[in-house]
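The values are calculated or read from the model by the stated rules, or taken from the named source; none is laboratory data. Not measured: the values here are computed from a predicted model. For neighbour counting, all protein chains shown are included, and Cβ atoms are generated from backbone atoms with ideal geometry for every residue, glycine included.
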Amino acid sequence: MSTAESAGTASSGRASDPWTAAHASAEFATLRTRLRGFVFPMTAFFLVWYFLYVLLAAFAPHFMAIKVVGNVNIGLIFGLLQFVSTFAITTIYVRFANRYLDPVSNRIREHVEGGSW
């Protein structure tokens, strides 16, 4: 078996594996670009937010100990907001995926399953 045959290409030079063709398509590149355009900035935002909380807890304990209402202090509020932000990011991602990623991935899947690649 030649290297070309083991990579899934026929003698005509066209990909015989539809998933390889889909991966090389412009639609897949669009899907990948949209995903990265969302995931990387959102990850950076969350990490900055999380490390802000950790750094404040480590280096500004007096600030984090400021009481807001009763025994509730700023540190507790920041800690609870970590959970809120996680759920918010998840909700935002689901809406983004439904609107911008799923239509493209569905078209790719239909092409692959339909054998048009």
Fill in: Count of the range 34-78 residues which are free of Cβ contacts under 8 Å to residues at least 40 places away in the same chain, surrounded by 10 or more Cβ atoms within 10 Å (Cβ to Cβ) and either touching a helix residue (DSSP H, G or I) at 6+ places or on another chain (Cβ under 7 Å) or among the polar types (S, T, N, Q) (or both)
15
Response to the item:
Scanning the range 28-71 residue by residue, those among the charged types (D, E, K, R) and either under 23 Å from I92 (Cβ atoms) or at pLDDT below 95 (or both) turn out to be R32, R34, R36
Worksheet, complete the sentence: Counting only residues in the range 92-117 that are of a type in the set (V, I, T) and touching a helix residue (DSSP H, G or I) at 6+ places or on another chain (Cβ under 8 Å), the one farthest from D17 (Cα to Cα) is identified as I92
Discussion item. Being touching a residue at least 60 places away in the same chain (Cβ under 8 Å) and surrounded by fewer than 14 Cβ atoms within 10 Å (Cβ to Cβ) is the filter here; which residues of the range 14-26 pass it?
Written reply: W19
Worksheet, complete the sentence: Selection over the range 91-117 where residues are more than 16 Å from R36 (Cα to Cα) and part of a helix (DSSP H, G or I) yields a count of 11
